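Q: One structure follows; several queries about it will come next.
Just so it is clear, none of the values below were taken in a lab; they were calculated from the coordinates. Every value quoted in this text rests on a predicted model; they were computed, and no experiment measured them. Glycine also receives a Cβ, built like all others from the backbone with ideal geometry; neighbour counts cover every protein chain displayed.
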Amino acid sequence: MPRKPFIAANWKMYKTPAQAQDFFKGFLSLVANHQRDEIVVCPSFTSISVAIAAATGSGVAIGAQNMHFAEEGAYTGETSALMLRAIGATHVILGHSERRQYFAETDDLINKKLKTALQHHLIPIVCVGEVLAEREAGKTDEVLLRQTRGVLAGIAAADAAPIVIAYEPVWAIGTGKTATPQIASEAHGVVRAEVAQLLGREVAESLRILYGGSVKPDNATALMAEAEIDGALVGGASLDPQSFAKIVHY
Ligand code: PGA
């Protein structure tokens, strides 16, 4: 079965609920009846409910950008998978490089979150990717293997089907420097081969691997033309309805 392409918006810490509502007013008509790709928008926590209400019936799914691994507890400032499910979120981004960099998230922590997300039927979009110094030192593959093994540790092949992986080279995020389709494709190949080792060929072949890092309307087509690239995780260019719709229509 061919892998259904998957285009996700990561709004990061942008947009109030009113601004989120405005986005959907513009965006939904631009992607009405769009069947080819799965479309997911991940606003900040305070806009998730508004986004769900706005997107109901549209085929656009709504996710969170992070969650805690525990179901509940004394974790001030955190949000659980149960809470996200209760308001109707269906997806969650885990281990984004900004979470790794600014909030000290490790592969171990991301692995715990991934297990919780799967238990609670949230579709996880798990991020991996090297920083510039690692790429320049020729360590990209090593980093990707370490992260892939770390985040997937202890996950059974039978439970792995919902997992989506996003390859986001940190040097390409928000910098306007996109990985070339070839660079992205090679990295995806490394991740997919490792997933085949860990979870078997069947899981690896149906796994969607998204590319993220300065995806824009004018480079989305070339990236999506690569057989190894199954979708995009879009930051900056997802904030504007026109621009994100153009990417969806790559
Ligand atoms: P960018 O962000 O598209 O603004 O580079 C991508 C991401 O961080 O998910």
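Q: Give a residue-ordered list of calculated ³J(HN,Hα) values for region 49-63 (Karplus: 6.51 cos²θ - 1.76 cosθ + 1.60, θ = phi - 60°; whole Hz; x for Gly, Pro).
A: Computed from phi, the couplings for region 49-63 are 4, 4, 5, 5, 4, 5, 8, 3, x, 9, x, 8, 8, 10, x Hz.
Q: Right, next: Normalised by the number of residues in region 34-176, what is the relative contact order in percent for Cα pairs under 8 Å and 6+ residues apart?
A: Computed over region 34-176, the figure is 20 percent.
Q: For the chain, what is the calculated [θ] at 222 nm in deg cm²/dmol (nearest 500), taking -39500 (n - 2.57) for each run of four or more DSSP H residues and dividing by its residue count?
A: That calculation yields -13000 deg cm²/dmol at 222 nm.
Q: Ok, one more. Lys/Arg Cβ at +1, Asp/Glu Cβ at -1, dipole of the chain taken about the Cα centre: which of 232, 157, 90 is farthest positive-ward?
A: Working it through, the farthest residue towards the positive pole turns out to be 90.
Q: D for region 131-250, whole µm²/s, Stokes-Einstein with Kirkwood Rh over alpha-carbon pairs at 37 °C and 0.692 mPa s: what number?
A: 222
Q: Let me ask something additional. Determine the relative contact order of the chain: mean sequence separation of Cα pairs under 8 Å and six or more apart, normalised by residue count, in whole percent.
A: 21 percent.
Q: Then there is this: Points 7 angstrom from Cα along the Cβ direction at residue 101 and residue 25: gap in nanometres?
A: Rounded to a tenth, the inter-label distance reads 3.4 nm.
Q: Divide the volume of the convex hull of the Cα atoms of the chain by its number of residues and quote the answer in cubic angstrom per residue.
A: 117
Q: Next question, about the same structure. Between region 212-249 and region 113-149, what is the C-alpha centre distance in whole Å?
A: Region 212-249 and region 113-149 have Cα centres spaced 20 Å from each other.
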